[in-house]
1. Failed condition for residue 41, given (1) in contact (Cβ under 8 Å) with a residue 60 or more places away in the chain; (2) in contact with a helix residue (DSSP H, G or I) (Cβ under 6 Å, 6 or more places away or on another chain); (3) surrounded by 14 or more Cβ atoms within 10 Å (Cβ to Cβ), with all others met?
2. Mind checking which residues of the stretch 92-113 are part of a helix (DSSP H, G or I), more than 19 Å from the chain's Cα centre (by Cα) and surrounded by 13 or more Cβ atoms within 10 Å (Cβ to Cβ)?
3. From the list 19, 32, which one is modelled with pLDDT under 95 and either over 19 Å from residue 112 (Cα atoms) or touching a strand residue (DSSP E or B) at 6+ places or on another chain (Cβ under 9 Å) (or both)?
4. Select from the stretch 82-91 the residues that are loosely packed, with under 15 Cβ neighbours inside 10 Å and either closer than 30 Å to residue 56 by Cβ or modelled with pLDDT of 95 or more (or both) and list them in ascending order.
5. Would you call residue 91 in contact (Cβ under 8 Å) with a residue 24 or more places away in the chain, within 17 Å of residue 34 (Cβ to Cβ) and in contact with a helix residue (DSSP H, G or I) (Cβ under 6 Å, 6 or more places away or on another chain)?
């Protein structure tokens, strides 16, 4: 069990640092579009979770530590619904209702589509 916990922790640290770097880079380069960093990591994370899930279905011999480290750890640290929620509330508070609704729709439906696309890539 300690090996799984260690793998999830290491993956979580890596994913969290990548999200932090991405969101800060976007915010410093496009401050008016601060939400794009969270959107990008969520869409990419959804694509990757679909792809990894599909690959792990095809390759059940992949050790549970690797699977847990990548999915629960890395992707759990990379993607974040709480940041998405805060970004949406910030857009609403600034009176950008249409942008907030669009951001929500693209995040949810884009994430679902990216997850499906990642899973579909494993079936090619």
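The values are calculated or read from the model by the stated rules, or taken from the named source; none is laboratory data. Quick caveat: nothing in here was measured; it's all calculated off a predicted structure. Using ideal geometry, Cβ is built from the backbone for each residue, glycine included, and neighbour counts are taken over all protein chains shown.
1. The one condition residue 41 does not meet is (1).
2. Looking only at the stretch 92-113, we keep the residues that are part of a helix (DSSP H, G or I), and these are 92-93, 97-113.
Filter once more, keeping what is more than 19 Å from the chain's Cα centre (by Cα): 92-93, 97-99, 101.
Result: 92, 99, 101.
3. On the way: 19 fails: modelled with pLDDT under 95.
On inspection, the qualifying residue turns out to be 32.
4. The first filter runs over the stretch 82-91 and keeps only residues loosely packed, with under 15 Cβ neighbours inside 10 Å, leaving 82, 85-86, 89-90.
Scanning the stretch 82-91 gives 82, 85.
5. Values: in contact (Cβ under 8 Å) with a residue 24 or more places away in the chain: yes; within 17 Å of residue 34 (Cβ to Cβ): yes; in contact with a helix residue (DSSP H, G or I) (Cβ under 6 Å, 6 or more places away or on another chain): yes.
Yes.
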